[in-house]
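The values are calculated or read from the model by the stated rules, or taken from the named source; none is laboratory data. These numbers were taken from a predicted model, which means no experiment stands behind them. All Cβ positions, glycine included, derive from the backbone under ideal geometry; neighbour counts span all protein chains shown. To get the accessible areas, we keep the full protein, side chains included, count just its heavy atoms, and leave off ligands, DNA and RNA. Shrake-Rupley method; radii C 1.70, N 1.55, O 1.52, S 1.80 Å.
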Amino acid sequence: MPPTYVLARDHLQRAAAILQGADSRSRQLRYIVERTISLIDDIPPVVQPVGNVLDFNAFRERRTAID
């Protein structure tokens, strides 16, 4: 997981700990923060290709997604 995701997850975990109030707004915000943390944890690891070989199919897919 990229370091920025780890840092973001840590900040969100601190925010969830702060939002321990019993009122409905605090519960809703805590739920949103906890759900965001779980989404970050579900991000698949980035696999770097070995060597200097380009996968043309993956390149086309990435290029199509950008256009």
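Which of the peptides 15-24, 39-48 is most tightly packed, and how do the rest follow, judged by the mean count of other Cβ atoms within 10 Å per residue? Can you show the working numbers first?
Values: 15-24: 11.6, 39-48: 8.3.
With the highest mean Cβ count within 10 Å placed first, the list reads 15-24, 39-48.
In a reduced charge model with +1 at each Lys and Arg Cβ and -1 at each Asp and Glu Cβ, the chain shows a dipole moment near 220 debye about its Cα centre.
Ranking A8, V47, A65 by Cα position along the charge dipole of the chain, where only Lys, Arg, Asp and Glu carry charges on their C-beta atoms, puts A8 farthest toward the positive end. Counting only protein heavy atoms and a probe of 1.4 Å, the accessible surface of the range 15-67 is 59% carbon and sulfur. Quick check for you: which residues of the range 25-40 have the amide N under 19 Å from the point 7 Å beyond the Cα of H11 toward its beta carbon? It comes to 29-40, nothing else.
The Cα atoms of the chain give a gyration tensor whose axes a ≥ b ≥ c have a/c of 1.5 or more with a/b greater than b/c, which makes the shape prolate.
Can you give me the accessible area per residue for the chain, using a 1.4 Å probe, in Å²?
Working: 5900 Å² over 67 residues.
Spelled out: the 1.4 Å probe surface of the chain, per residue, equals 88 Å².
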